[in-house]
Amino acid sequence: QVQLVESGGGLAQPGGSLRLSCAASGIRFSTYTMAWYRQAPGKQRELVATITRGGSTNYADSVKGRFTISRDNAKNTVYLQMNSLRPDDTAGYYCNADHALFSLTYWGQGTQVTVSS
């Protein structure tokens, strides 16, 4: 019923760029705060970036100035533009949709980002 499907991950070189996409279905997308999380091996899940339904954004300090989160409500899609990639950006990246008013949270299955020479 509800699906969040990430795409765009893959292998990038240090300093390179990737653009992740998360296509949502089964939710009224424009009413949800969207977020990207990541989890590297042996590490806890980390909140990377959020974008509210009003378009306000927040970023983890580790990605500020390098990553940009955006959303296209007409396409029910949230993006994460990742520039100046570093090896420590290597992780599984997960899309999250949250509707706090109704205590609704949904997760995608993730897309792998590997930054390596």
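The values are calculated or read from the model by the stated rules, or taken from the named source; none is laboratory data. What you are looking at is a predicted structure, and each value in this text was computed from that prediction instead of being measured. Positions of Cβ are backbone-derived with ideal geometry, glycine not excepted, and every protein chain shown enters the neighbour counts. Please note that ligands, DNA and RNA were not included when accessible areas were found on the heavy atoms of the full protein model with its side chains. Shrake-Rupley method; radii C 1.70, N 1.55, O 1.52, S 1.80 Å.
Data overview
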item	result
Per residue accessible area of segment 55-104, 1.4 Å probe, in Å²	50 Å²
Share of carbon and sulfur in the accessible heavy-atom surface of the chain [1.4 Å probe, %]	45 percent
Within the chain: Cβ-based charge dipole about Cα centre, in debye rounded to nearest 20 (Lys, Arg +1; Asp, Glu -1)	140 debye
Over segment 1-108, relative contact order from alpha-carbon pairs under 8 Å, at least 6 apart, %	34 percent
For segment 1-89, projected area of the alpha-carbon convex hull averaged over all directions, nm²	6.1 nm²
Two-site FRET efficiency, residue 2 against residue 74, from Cβ-Cβ distance with R₀ of 22 Å, rounded to 0.05	0.70
Between segment 1-31 and segment 43-117, the Cα center-to-center distance that results, in Å	8 Å
